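Notes to accompany the following structure.
The values are calculated or read from the model by the stated rules, or taken from the named source; none is laboratory data. It should be emphasised that the depicted structure is a prediction, and the values quoted were computed from it without experimental measurement. All Cβ positions, glycine included, derive from the backbone under ideal geometry; neighbour counts span all protein chains shown.
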Amino acid sequence: MQNNVLILIQGKDVAASRYRILQYVPYLEDRGMVCSIKEFPRSLREYPSLLADLPRYACVFVQRKRFHFPILPLFQRRARRIVYDLDDAVMYKNSLARSPYSRTRQKRFMRMVKASDVIIAGNSFLKEKALEYHPCVEVIPSSIPIGKYGLKDYSVQKEKVTIGWIGDHGSIHYLERLRHVWDELARRYPGRVELKIICDTFFDCRDMPVRKVYWSNETEVAELQDFDIGVMPLKDDPWSWGKCGLKILQYFGVGVPAVCTPVGVNRDVVVHGSSGYWARTDHEWVEMISLLIEDASLRMRFGLAGREILEKGYTKEANEPRMFDIIAG
(Lines give C-alpha, C1' and ligand atoms only; values in the text may rest on other atoms or scores of the structure.)
Protein backbone atom coordinates (compact mmCIF):
# COMPACT_ATOMS: atom_id res chain seq x y z
CA MET A 1 0.00 0.00 0.00
CA GLN A 2 2.78 2.47 0.88
CA ASN A 3 3.98 2.58 -2.73
CA ASN A 4 0.63 2.18 -4.52
CA VAL A 5 -0.33 5.11 -6.72
CA LEU A 6 -3.58 5.51 -8.63
CA ILE A 7 -3.24 7.72 -11.74
CA LEU A 8 -6.48 9.10 -13.14
CA ILE A 9 -6.22 10.34 -16.72
CA GLN A 10 -8.46 11.50 -19.56
CA GLY A 11 -7.10 8.95 -22.02
CA LYS A 12 -3.85 7.27 -23.05
CA ASP A 13 -3.80 9.09 -26.40
CA VAL A 14 -4.62 12.49 -24.90
CA ALA A 15 -1.52 14.71 -25.12
CA ALA A 16 -1.96 16.11 -21.60
CA SER A 17 -2.18 12.61 -20.14
CA ARG A 18 0.83 11.39 -22.09
CA TYR A 19 3.15 14.30 -21.39
CA ARG A 20 2.01 15.35 -17.91
CA ILE A 21 2.14 11.91 -16.23
CA LEU A 22 2.19 8.73 -18.35
CA GLN A 23 5.73 9.32 -19.61
CA TYR A 24 6.92 9.41 -15.99
CA VAL A 25 5.44 6.04 -15.02
CA PRO A 26 8.49 3.89 -15.95
CA TYR A 27 10.72 6.13 -13.81
CA LEU A 28 8.30 5.94 -10.89
CA GLU A 29 8.04 2.15 -11.14
CA ASP A 30 11.82 1.74 -11.39
CA ARG A 31 11.98 3.43 -7.99
CA GLY A 32 9.50 1.10 -6.34
CA MET A 33 6.14 2.68 -6.98
CA VAL A 34 3.27 0.48 -8.12
CA CYS A 35 1.22 2.56 -10.56
CA SER A 36 -2.37 1.78 -11.51
CA ILE A 37 -3.63 3.81 -14.47
CA LYS A 38 -7.35 4.38 -14.96
CA GLU A 39 -9.44 6.72 -17.06
CA PHE A 40 -11.93 8.98 -15.31
CA PRO A 41 -15.41 7.47 -14.93
CA ARG A 42 -17.65 8.30 -17.88
CA SER A 43 -20.88 8.11 -15.90
CA LEU A 44 -22.12 8.37 -12.32
CA ARG A 45 -22.63 4.61 -12.24
CA GLU A 46 -18.87 4.07 -12.50
CA TYR A 47 -18.01 6.21 -9.47
CA PRO A 48 -18.97 3.81 -6.63
CA SER A 49 -16.34 1.26 -7.64
CA LEU A 50 -13.71 3.99 -7.96
CA LEU A 51 -14.56 5.46 -4.56
CA ALA A 52 -14.54 2.03 -2.94
CA ASP A 53 -11.08 1.41 -4.35
CA LEU A 54 -9.41 4.63 -3.17
CA PRO A 55 -8.25 3.54 0.34
CA ARG A 56 -5.98 0.93 -1.27
CA TYR A 57 -3.69 3.64 -2.60
CA ALA A 58 -1.16 5.79 -0.77
CA CYS A 59 -1.66 8.54 -3.35
CA VAL A 60 -4.10 9.46 -6.09
CA PHE A 61 -2.76 11.55 -8.99
CA VAL A 62 -5.58 13.51 -10.69
CA GLN A 63 -4.72 14.94 -14.10
CA ARG A 64 -6.67 18.17 -14.74
CA LYS A 65 -10.26 17.06 -14.04
CA ARG A 66 -12.33 18.71 -11.28
CA PHE A 67 -14.92 16.50 -9.62
CA HIS A 68 -18.52 17.64 -9.27
CA PHE A 69 -20.37 17.88 -5.98
CA PRO A 70 -21.17 15.51 -4.28
CA ILE A 71 -18.37 13.32 -5.72
CA LEU A 72 -15.53 15.56 -4.52
CA PRO A 73 -16.26 15.35 -0.74
CA LEU A 74 -16.55 11.56 -1.03
CA PHE A 75 -13.37 11.41 -3.09
CA GLN A 76 -11.48 13.55 -0.58
CA ARG A 77 -12.74 11.52 2.37
CA ARG A 78 -11.65 8.16 0.93
CA ALA A 79 -8.36 9.16 -0.75
CA ARG A 80 -5.34 9.08 1.54
CA ARG A 81 -3.47 11.75 -0.44
CA ILE A 82 -4.39 13.73 -3.58
CA VAL A 83 -1.94 15.23 -6.06
CA TYR A 84 -3.74 17.49 -8.52
CA ASP A 85 -1.99 18.26 -11.81
CA LEU A 86 -3.04 21.37 -13.71
CA ASP A 87 -1.88 22.27 -17.23
CA ASP A 88 -4.77 24.43 -18.49
CA ALA A 89 -6.62 27.48 -17.19
CA VAL A 90 -9.60 25.36 -16.20
CA MET A 91 -10.96 28.17 -14.03
CA TYR A 92 -11.86 30.03 -17.24
CA LYS A 93 -13.88 29.24 -20.35
CA ASN A 94 -11.90 28.56 -23.51
CA SER A 95 -11.07 31.09 -26.21
CA LEU A 96 -14.22 30.35 -28.22
CA ALA A 97 -16.48 31.64 -25.44
CA ARG A 98 -17.91 35.16 -25.58
CA SER A 99 -16.49 35.80 -22.11
CA PRO A 100 -13.81 33.77 -20.34
CA TYR A 101 -15.26 34.27 -16.87
CA SER A 102 -17.34 31.60 -15.19
CA ARG A 103 -18.45 31.44 -11.54
CA THR A 104 -19.10 27.73 -11.86
CA ARG A 105 -15.64 26.97 -13.23
CA GLN A 106 -14.00 29.15 -10.59
CA LYS A 107 -15.84 27.40 -7.75
CA ARG A 108 -15.06 23.92 -9.08
CA PHE A 109 -11.41 24.87 -9.44
CA MET A 110 -11.29 26.33 -5.93
CA ARG A 111 -12.91 23.25 -4.40
CA MET A 112 -10.60 20.84 -6.23
CA VAL A 113 -7.49 22.77 -5.21
CA LYS A 114 -8.61 22.99 -1.55
CA ALA A 115 -9.38 19.26 -1.49
CA SER A 116 -5.89 18.33 -2.71
CA ASP A 117 -2.72 17.85 -0.69
CA VAL A 118 -0.38 19.27 -3.30
CA ILE A 119 -0.90 20.91 -6.69
CA ILE A 120 1.41 20.60 -9.70
CA ALA A 121 1.06 23.58 -12.06
CA GLY A 122 2.31 23.61 -15.63
CA ASN A 123 3.40 27.27 -15.50
CA SER A 124 3.70 30.28 -13.20
CA PHE A 125 0.29 31.72 -14.15
CA LEU A 126 -1.46 28.52 -13.07
CA LYS A 127 0.65 28.45 -9.91
CA GLU A 128 -0.53 31.95 -9.00
CA LYS A 129 -4.15 30.91 -9.47
CA ALA A 130 -3.75 27.80 -7.34
CA LEU A 131 -1.89 29.68 -4.59
CA GLU A 132 -5.03 31.73 -4.00
CA TYR A 133 -6.53 28.61 -2.39
CA HIS A 134 -3.62 26.37 -1.36
CA PRO A 135 -0.10 27.01 -0.02
CA CYS A 136 1.51 23.91 -1.53
CA VAL A 137 1.92 24.42 -5.28
CA GLU A 138 4.87 23.23 -7.36
CA VAL A 139 5.64 24.07 -11.00
CA ILE A 140 6.63 21.27 -13.35
CA PRO A 141 6.53 22.49 -16.95
CA SER A 142 5.17 20.30 -19.70
CA SER A 143 8.20 18.35 -20.86
CA ILE A 144 9.17 15.99 -23.64
CA PRO A 145 11.40 12.88 -23.67
CA ILE A 146 14.60 14.15 -25.24
CA GLY A 147 15.69 10.66 -26.21
CA LYS A 148 12.63 10.23 -28.43
CA TYR A 149 13.06 13.51 -30.27
CA GLY A 150 15.96 13.45 -32.72
CA LEU A 151 17.02 16.52 -34.69
CA LYS A 152 15.70 16.87 -38.22
CA ASP A 153 18.09 16.38 -41.15
CA TYR A 154 18.79 19.92 -42.33
CA SER A 155 20.62 18.68 -45.43
CA VAL A 156 17.43 17.30 -47.01
CA GLN A 157 16.46 19.38 -50.03
CA LYS A 158 12.72 20.03 -50.32
CA GLU A 159 10.64 21.66 -52.99
CA LYS A 160 8.55 23.54 -50.45
CA VAL A 161 9.08 25.10 -47.05
CA THR A 162 6.70 23.38 -44.64
CA ILE A 163 4.91 25.52 -42.07
CA GLY A 164 3.66 23.05 -39.48
CA TRP A 165 1.19 22.82 -36.61
CA ILE A 166 0.37 19.91 -34.29
CA GLY A 167 -2.52 19.74 -31.84
CA ASP A 168 -6.00 18.48 -31.09
CA HIS A 169 -9.35 19.50 -32.52
CA GLY A 170 -10.04 21.74 -29.55
CA SER A 171 -7.17 24.07 -30.48
CA ILE A 172 -7.23 24.09 -34.27
CA HIS A 173 -9.45 27.18 -34.30
CA TYR A 174 -6.37 29.26 -33.39
CA LEU A 175 -4.71 28.10 -36.60
CA GLU A 176 -7.85 28.44 -38.71
CA ARG A 177 -8.34 32.05 -37.61
CA LEU A 178 -5.18 32.89 -39.56
CA ARG A 179 -6.26 31.40 -42.88
CA HIS A 180 -5.81 34.78 -44.53
CA VAL A 181 -2.21 34.82 -43.25
CA TRP A 182 -1.48 31.41 -44.75
CA ASP A 183 -3.07 32.50 -48.03
CA GLU A 184 -1.02 35.71 -48.06
CA LEU A 185 2.18 33.67 -47.63
CA ALA A 186 1.13 31.34 -50.45
CA ARG A 187 0.60 34.31 -52.75
CA ARG A 188 3.91 35.84 -51.71
CA TYR A 189 5.79 32.58 -52.33
CA PRO A 190 3.84 30.76 -55.07
CA GLY A 191 4.69 27.06 -55.21
CA ARG A 192 7.30 27.41 -52.45
CA VAL A 193 5.32 26.93 -49.22
CA GLU A 194 2.76 24.59 -47.71
CA LEU A 195 0.85 24.26 -44.44
CA LYS A 196 1.01 20.88 -42.72
CA ILE A 197 -1.53 20.04 -40.00
CA ILE A 198 -1.14 17.06 -37.65
CA CYS A 199 -4.51 16.56 -35.98
CA ASP A 200 -7.76 14.59 -36.24
CA THR A 201 -9.68 17.44 -37.88
CA PHE A 202 -8.65 19.84 -40.64
CA PHE A 203 -9.56 22.83 -42.78
CA ASP A 204 -8.68 24.10 -46.26
CA CYS A 205 -7.26 27.39 -47.44
CA ARG A 206 -8.01 29.22 -50.67
CA ASP A 207 -4.39 29.65 -51.82
CA MET A 208 -2.18 27.79 -49.36
CA PRO A 209 -1.77 24.04 -50.04
CA VAL A 210 -2.67 22.09 -46.89
CA ARG A 211 -1.20 18.68 -46.05
CA LYS A 212 -3.43 16.80 -43.63
CA VAL A 213 -1.83 14.17 -41.41
CA TYR A 214 -3.69 12.18 -38.80
CA TRP A 215 -1.79 12.04 -35.53
CA SER A 216 -0.13 8.75 -34.60
CA ASN A 217 2.18 8.06 -31.69
CA GLU A 218 4.34 5.92 -33.96
CA THR A 219 4.87 8.61 -36.63
CA GLU A 220 4.63 11.78 -34.52
CA VAL A 221 8.35 12.58 -34.36
CA ALA A 222 9.04 11.78 -38.03
CA GLU A 223 6.16 14.02 -39.08
CA LEU A 224 7.51 16.83 -36.88
CA GLN A 225 10.97 16.44 -38.39
CA ASP A 226 9.39 17.25 -41.76
CA PHE A 227 8.44 20.73 -40.48
CA ASP A 228 10.65 23.68 -41.40
CA ILE A 229 8.79 26.24 -39.29
CA GLY A 230 6.50 25.46 -36.36
CA VAL A 231 3.66 27.80 -35.44
CA MET A 232 1.62 28.32 -32.27
CA PRO A 233 -0.99 31.08 -32.64
CA LEU A 234 -3.16 31.90 -29.63
CA LYS A 235 -5.47 34.64 -28.40
CA ASP A 236 -4.34 36.95 -25.65
CA ASP A 237 -6.95 35.85 -23.11
CA PRO A 238 -7.04 34.11 -19.70
CA TRP A 239 -7.53 30.66 -21.24
CA SER A 240 -4.41 31.07 -23.37
CA TRP A 241 -2.36 32.39 -20.44
CA GLY A 242 -2.64 28.91 -18.96
CA LYS A 243 -1.19 27.15 -22.01
CA CYS A 244 2.03 25.29 -21.33
CA GLY A 245 3.70 25.51 -24.75
CA LEU A 246 3.86 21.80 -25.57
CA LYS A 247 3.72 22.42 -29.33
CA ILE A 248 6.75 24.70 -29.18
CA LEU A 249 8.68 22.19 -27.09
CA GLN A 250 7.95 19.52 -29.68
CA TYR A 251 9.17 21.82 -32.46
CA PHE A 252 12.34 22.54 -30.49
CA GLY A 253 12.79 18.84 -29.81
CA VAL A 254 13.38 18.20 -33.51
CA GLY A 255 15.28 21.47 -34.04
CA VAL A 256 12.54 23.49 -35.73
CA PRO A 257 12.16 27.25 -35.07
CA ALA A 258 8.85 28.56 -33.77
CA VAL A 259 6.68 31.56 -34.53
CA CYS A 260 4.14 32.16 -31.80
CA THR A 261 1.75 34.55 -30.11
CA PRO A 262 3.75 35.90 -27.15
CA VAL A 263 1.35 35.07 -24.33
CA GLY A 264 1.77 32.85 -21.30
CA VAL A 265 4.66 30.41 -21.34
CA ASN A 266 5.33 31.12 -25.04
CA ARG A 267 7.21 34.24 -23.95
CA ASP A 268 9.47 32.10 -21.78
CA VAL A 269 10.38 29.38 -24.25
CA VAL A 270 10.63 31.37 -27.49
CA VAL A 271 13.40 33.97 -27.44
CA HIS A 272 12.41 36.53 -30.07
CA GLY A 273 15.11 36.76 -32.72
CA SER A 274 17.06 33.80 -31.33
CA SER A 275 14.98 30.60 -31.32
CA GLY A 276 12.00 31.99 -33.21
CA TYR A 277 9.80 35.04 -33.48
CA TRP A 278 6.84 36.58 -31.69
CA ALA A 279 3.87 37.66 -33.82
CA ARG A 280 0.91 39.65 -32.52
CA THR A 281 -0.71 41.07 -35.65
CA ASP A 282 -1.50 39.53 -39.03
CA HIS A 283 1.24 41.67 -40.54
CA GLU A 284 3.78 40.38 -38.01
CA TRP A 285 2.77 36.79 -38.70
CA VAL A 286 3.41 37.24 -42.41
CA GLU A 287 6.68 39.11 -41.95
CA MET A 288 8.18 36.87 -39.27
CA ILE A 289 7.41 33.67 -41.15
CA SER A 290 8.73 35.25 -44.35
CA LEU A 291 12.12 35.83 -42.72
CA LEU A 292 12.36 32.12 -42.00
CA ILE A 293 11.01 31.01 -45.38
CA GLU A 294 13.74 32.98 -47.12
CA ASP A 295 16.71 31.81 -45.06
CA ALA A 296 17.36 28.09 -44.48
CA SER A 297 20.49 28.79 -42.42
CA LEU A 298 18.46 31.03 -40.11
CA ARG A 299 15.92 28.24 -39.64
CA MET A 300 18.65 25.83 -38.64
CA ARG A 301 20.32 28.31 -36.28
CA PHE A 302 17.04 29.16 -34.55
CA GLY A 303 16.04 25.50 -34.40
CA LEU A 304 19.29 24.49 -32.70
CA ALA A 305 18.92 27.38 -30.25
CA GLY A 306 15.43 26.09 -29.44
CA ARG A 307 16.83 22.64 -28.76
CA GLU A 308 19.27 24.16 -26.26
CA ILE A 309 16.41 25.91 -24.46
CA LEU A 310 14.53 22.62 -24.29
CA GLU A 311 17.49 20.77 -22.81
CA LYS A 312 17.87 23.32 -19.99
CA GLY A 313 14.69 22.38 -18.18
CA TYR A 314 11.83 21.22 -20.38
CA THR A 315 12.75 17.55 -20.73
CA LYS A 316 11.19 14.51 -19.11
CA GLU A 317 14.61 13.49 -17.87
CA ALA A 318 15.14 16.79 -16.05
CA ASN A 319 11.77 16.65 -14.30
CA GLU A 320 11.51 12.95 -13.42
CA PRO A 321 13.10 13.30 -9.94
CA ARG A 322 10.82 16.22 -9.05
CA MET A 323 7.71 14.29 -10.11
CA PHE A 324 8.81 11.33 -8.02
CA ASP A 325 9.45 13.48 -4.94
CA ILE A 326 6.05 15.17 -5.15
CA ILE A 327 4.09 11.95 -5.59
CA ALA A 328 6.12 10.14 -2.91
CA GLY A 329 5.39 12.99 -0.51
Self-check item: Output for the stretch 197-219, where each listed residue is among the charged types (D, E, K, R), in contact with a helix residue (DSSP H, G or I) (Cβ under 8 Å, 6 or more places away or on another chain) and under 18 Å from LYS152 (Cα atoms)
Solution: none
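Name the residues in the stretch 249-301 that are outside any strand (DSSP E or B), small (Gly, Ala, Ser) and in contact (Cβ under 8 Å) with a residue 24 or more places away in the chain, would you? Step through it out loud before you land on a result.
Within the stretch 249-301, the subset outside any strand (DSSP E or B) is 249-257, 261-271, 273-275, 279-301.
Checking which are small (Gly, Ala, Ser) leaves us with 253, 255, 264, 273-275, 279, 290, 296-297.
Within the stretch 249-301, GLY253, GLY255, GLY264, SER274, SER275, ALA279, SER290, ALA296 meet the criteria.
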Self-check item: Which listed residue, of ARG80, ARG98, ARG111, ARG45, is in the same structural domain as VAL25 (by TED's automatic domain parsing), part of a helix (DSSP H, G or I), without any contact (Cβ under 8 Å) to a residue 40 or more places away in the chain and surrounded by fewer than 20 Cβ atoms within 10 Å (Cβ to Cβ)
Solution: ARG45
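Among ARG187, ARG211, which is surrounded by fewer than 24 Cβ atoms within 10 Å (Cβ to Cβ), not in a helix (DSSP H, G or I) and not assigned by TED's automatic domain parsing to the domain that holds LEU126?
Details: ARG187 fails: not in a helix (DSSP H, G or I).
Of the residues listed, the single one that is surrounded by fewer than 24 Cβ atoms within 10 Å (Cβ to Cβ), not in a helix (DSSP H, G or I) and not assigned by TED's automatic domain parsing to the domain that holds LEU126 is ARG211.
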Practice problem: Would you be able to tell me the number of residues in the stretch 61-77 that are buried (at least 20 other Cβ atoms within 10 Å of the Cβ) and outside any loop (DSSP other than H, G, I, E, B)? | Solution: 4
Quiz item: Checking VAL139 against (1) at pLDDT 95 or above; (2) outside the structural domain of GLY11 (by TED's automatic domain parsing); (3) aliphatic (A, V, I, L, M); (4) surrounded by fewer than 20 Cβ atoms within 10 Å (Cβ to Cβ), which single condition isn't satisfied?
Solution: (2)
Quiz item: With respect to the numbered conditions (1) modelled with pLDDT under 95; (2) within 30 Å of ASP237 (Cβ to Cβ); (3) small (Gly, Ala, Ser), which one is the sole condition not fulfilled by ALA115?
Solution: (1)
